[in-house]
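Chemist: Take this structure first; my questions come after.
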C-alpha cells in the first residue's frame, strides 16, 4: 500500500506530463470501450429482435432495408405488398405463421405499427397496465414510448403521416391508449402497436372519395410486410427462392442480411480498432518516455533509496506502481469516456430511444479494457523499471 | 565497529585498489580524507555493503561484509548504515515529512509519524515537516537529510563531503550537528572529505586529544 502511495506522489510530481499521459491512454481505451459497446449492443439487439423470424416478405427492393425497417424499425420500408398475396403465402406448407406489419404513421417520431396479437406473442410481451386492443383505433404502447411521451391509459392522440416527426396529422382518427407494455428490452418498447385494421381505417377513410371508392380500397388492401416462421428449417433453402421468383414480393432472410450488415460494419470497425490501437501504442510510448525520463531525472534519488536499504526490486516497483496508477485511472476515465461516446453516437443517430445504442451498459467484454490498460502501462514501464532496478549507487557516492 | 584487514577491491579492467587497515571503535569518528579519485567512494560502498571486497576482510557492526548476499545486504544496510550524501537528494515533489516517510518505506519499516517527528525535533526542524525541499534553506535541508539518515538509529553514519560548498560558519554548524547527533545515538561517524577544515572542526575528546582518527587515501591510478 505504501508503495502505491509513494508512487502516486511521484506520478503527480510532474502533473502536466502525468495528465497528458493519462489523457492519451484514456482516449485509446475509450475508443476500445466505444467499439466494444457498439458491437455488443448491436449484436444483442439483433439477437433479441430477430429471434424466431425466419424470413421477412415485403415489397421488392433492398432486402436489408426490408429487415431494418420491418424488424428493427430503423429504416423506411421499400413499399407495400398486397394483403391477398400474403394470405396466399399463409397457405404454403412450409409456413408455420405469418405476422403482418403495416407501417406508415408515427406519433411524435414513435412508429405506429399495425399488426396482429401474434406480434405481441412472438416477443412474449406482457402488459404493465391495461389490456391489448380489441377493436381498431385502440393502441398498446411500448414502455419507452409511454415513458418518453407520458402516455397513459385512456389518453387519446392522433398520428402523423410518415415514419418520422413532421408529417401531416390524421386529425379525424384519434387513437386511444388501452394498454402499456412492460419493458422487455425488445423492439416493442419503442413502438405503438395497434390492429392492422386501424392503419387501413386511417388511410382509407381519409382518402376515399365515396363509399364505392372505399369498397374498392377494401378490396385492394395492402400491408408493408410479413414476418414469417417456417414449419421446417429446410424451408430456408427453397422458400425465399419460391417467393422471389413466383411473386411480386421479395423474401429476405434476417440472419443473412444481418451477417452482411455486420460484415460491412466490420470494415468500419476494423478501421476504428486500428485507430484505437495506434492511440494505445502512442499512449504506451508516451508513458515509456515519461517514465524513462523520470528514471533519468531521479536516478540519484532512486540510488539514495537503495542506499537507505531498498532492494532493487523495491525501487523498480515504484516505477511499476506509477504505471499501474496510470492504468487504473485511464481505465476508469476510458470506460466512462467510451460510454459517453456511445451515448453521443446513439443520440446523434437517434438510436438511443431505439435501444440499439446507448450508454451505461456494462457487458463482460469490457473486462478487456483494464487488461489492455495494465498491459500497455506495464509494458511501457518495463524498461524504465529495469533502469531503476539497475540504478548504480556508486554514482550517488561519486557526485 | 569497523575493522578492515588487507582490504582491496578490484574494478574489472583495472588494478586492485588497496586500503590501509583500520579499526574504528563504536561511537568514534573516522575522517576519510584524500583527493578526488583516491577511492573514498569505493571504501564507503564497501562499508555500506553495496559491494563485496575482492580481497581482505571487512567487518562492520559485527557483520562480515562479503558474506552478505543481495537482499540480506539491503536489509542489513537499512538497519545499520545511515547515509548523508553530498547532494542531499530530498525528493522535490515530497514534503519533509513525506521524504522521511519514503526513507522508512525504503528501509522496510512501517511508516511511523511519531518517529519522524522525533527525528525532526531532535535536529530542530520539526516545524518544517510540511514544507517542500524548495522552501528550505541549505542548512535546514541538511538537517532534514541528517534526520532522514538517523531515522532508524543506525550504528554507522556515513557522511559524504558534508561541508562541500559551505562557508566556514555553515561548515562548523554541519560538523557539530553531525558529531552531536552521532554522539547522541552512540553511532560511529565516518566523514569522507577532502576539506581540510573538517579536522579542525571536530571537537577534541575529554583528554583534549583529537576526537577522531584519520584514514588518508592517496590518488589511485591504473599504474599502481
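Chemist: Just checking, how many residues over the range A:78-107 are at pLDDT 90 or above and closer than 23 Å to residue A:151 by Cβ?
Modeler: The qualifying residues number 5.
Chemist: Condition check: closer than 27 Å to residue A:78 by Cβ and over 24 Å from the mean Cα position of the chain (by Cα). Does residue A:145 satisfy that?
Modeler: Details: closer than 27 Å to residue A:78 by Cβ: yes; over 24 Å from the mean Cα position of the chain (by Cα): no.
When the stated conditions are applied, residue A:145 does not pass them.
Chemist: Turning to a different aspect of this structure: Restricting the search to the range B:32-55, which residues are in contact with a helix residue (DSSP H, G or I) (Cβ under 7 Å, 6 or more places away or on another chain) and either more than 10 Å from chain A (Cβ to nearest Cβ) or part of a loop (DSSP other than H, G, I, E, B) (or both)?
Modeler: B:32, B:34, B:48, B:49, B:50, B:51, B:53 - these are the residues of the range B:32-55 that are in contact with a helix residue (DSSP H, G or I) (Cβ under 7 Å, 6 or more places away or on another chain) and either more than 10 Å from chain A (Cβ to nearest Cβ) or part of a loop (DSSP other than H, G, I, E, B) (or both).
Chemist: Also: Give the number of residues within the range B:10-31 that are within 11 Å of chain A (Cβ to nearest Cβ) and either closer than 16 Å to residue B:157 by Cβ or in contact (Cβ under 8 Å) with a residue 40 or more places away in the chain (or both). I'd like the intermediate steps shown before the answer.
Modeler: Going residue by residue through the range B:10-31, those that are within 11 Å of chain A (Cβ to nearest Cβ) are B:11.
Filter once more, keeping what is either closer than 16 Å to residue B:157 by Cβ or in contact (Cβ under 8 Å) with a residue 40 or more places away in the chain (or both): none.
Matching residues across the range B:10-31 total 0.
Chemist: Sticking with this one: Is it fair to say residue B:58 is under 27 Å from residue B:202 (Cβ atoms), in a strand (DSSP E or B) and modelled with pLDDT under 90?
Modeler: Details: under 27 Å from residue B:202 (Cβ atoms): yes; in a strand (DSSP E or B): yes; modelled with pLDDT under 90: no.
Spelling it out, it is not the case that residue B:58 is under 27 Å from residue B:202 (Cβ atoms), in a strand (DSSP E or B) and modelled with pLDDT under 90.
Chemist: Okay, moving on. Could you grab me the full set of residues in the range A:231-260 that are part of a helix (DSSP H, G or I) and touching a strand residue (DSSP E or B) at 6+ places or on another chain (Cβ under 6 Å)? Talk me through it step by step, then tell me what you get.
Modeler: Narrowing the range A:231-260 to residues part of a helix (DSSP H, G or I): A:235-246, A:254-260.
Matches in the range A:231-260: A:240, A:243, A:244.
Chemist: Something else: For residues that are part of a helix (DSSP H, G or I) and within 8 Å of chain A (Cβ to nearest Cβ), scanning just the range B:77-100, find the one that is nearest to residue A:301 (Cα to Cα).
Modeler: Taking the range B:77-100 as the starting set, the residues that turn out to be part of a helix (DSSP H, G or I) are B:77-80, B:96-100.
The next check asks that each one be within 8 Å of chain A (Cβ to nearest Cβ); those that pass are B:77-79, B:98.
Values: B:77: 17, B:78: 16, B:79: 19, B:98: 14 Å.
The qualifying residue nearest to residue A:301 (Cα to Cα) is B:98.
Chemist: Ok, one more. For the range A:52-146, list the helices (runs of 4 or more DSSP H) that sit wholly inside it and hold at least 3 residues that are farther than 24 Å from residue A:219 by Cβ; which are they?
Modeler: Numbers: elements: A:63-70, A:83-90, A:117-122.
Of the helices (runs of 4 or more DSSP H) lying wholly inside the range A:52-146, those with at least 3 residues that are farther than 24 Å from residue A:219 by Cβ span A:63-70, A:117-122.
Chemist: Checking residue A:13 against (1) over 23 Å from the mean Cα position of the chain (by Cα); (2) assigned to a loop (DSSP other than H, G, I, E, B); (3) away from every other protein chain (no Cβ under 14 Å), which single condition isn't satisfied?
Modeler: Answer for residue A:13: the failing condition is (3).
Chemist: Here is a further query. Within the bounds of the range A:309-332, is there any residue that is on the phi > 0 side of the Ramachandran plot and assigned to a loop (DSSP other than H, G, I, E, B)? Talk me through it step by step, then tell me what you get.
Modeler: Initial filter on the range A:309-332 (on the phi > 0 side of the Ramachandran plot): A:309.
After this cut, where a residue has to be assigned to a loop (DSSP other than H, G, I, E, B) as well, the list is A:309.
Among the residues of the range A:309-332, at least one is on the phi > 0 side of the Ramachandran plot and assigned to a loop (DSSP other than H, G, I, E, B), which makes the answer yes.
Chemist: So which residues in the range B:61-76 are at pLDDT 85 or above and either assigned to a loop (DSSP other than H, G, I, E, B) or more than 23 Å from residue A:390 (Cβ to Cβ) (or both), if there are any at all? Can you show your working first?
Modeler: Start the filter on the range B:61-76 by keeping residues that are at pLDDT 85 or above, which leaves B:61-65, B:72-76.
B:61, B:62, B:63, B:64, B:65 - these are the residues of the range B:61-76 that are at pLDDT 85 or above and either assigned to a loop (DSSP other than H, G, I, E, B) or more than 23 Å from residue A:390 (Cβ to Cβ) (or both).
Chemist: I'd like the residue in the range B:101-138 that is within 13 Å of chain A (Cβ to nearest Cβ) and farther than 21 Å from residue A:306 by Cβ and, out of all such residues, is surrounded by the most Cβ atoms within 10 Å (Cβ to Cβ). If you could, list the steps in order and put the result at the bottom.
Modeler: Taking the range B:101-138 first, the residues within 13 Å of chain A (Cβ to nearest Cβ) are B:101-113, B:132-134.
Still in the running and farther than 21 Å from residue A:306 by Cβ: B:112-113, B:132, B:134.
Details: B:112: 14, B:113: 12, B:132: 16, B:134: 9.
Applying the filter and picking the extreme gives B:132.
Chemist: Considering only the range A:285-307, state which residues are more than 11 Å from chain B (Cβ to nearest Cβ), surrounded by 20 or more Cβ atoms within 10 Å (Cβ to Cβ) and at pLDDT 85 or above.
Modeler: Step one: list which residues in the range A:285-307 are more than 11 Å from chain B (Cβ to nearest Cβ), which gives A:285-293, A:295-296.
When the remaining residues are screened for being surrounded by 20 or more Cβ atoms within 10 Å (Cβ to Cβ), the result is A:287-288, A:290-291, A:295.
Residue satisfying the conditions is A:288 alone.
The values are calculated or read from the model by the stated rules, or taken from the named source; none is laboratory data. Please read all numbers here as calculations on a predicted model, not as lab measurements. All Cβ positions, glycine included, derive from the backbone under ideal geometry; neighbour counts span all protein chains shown.
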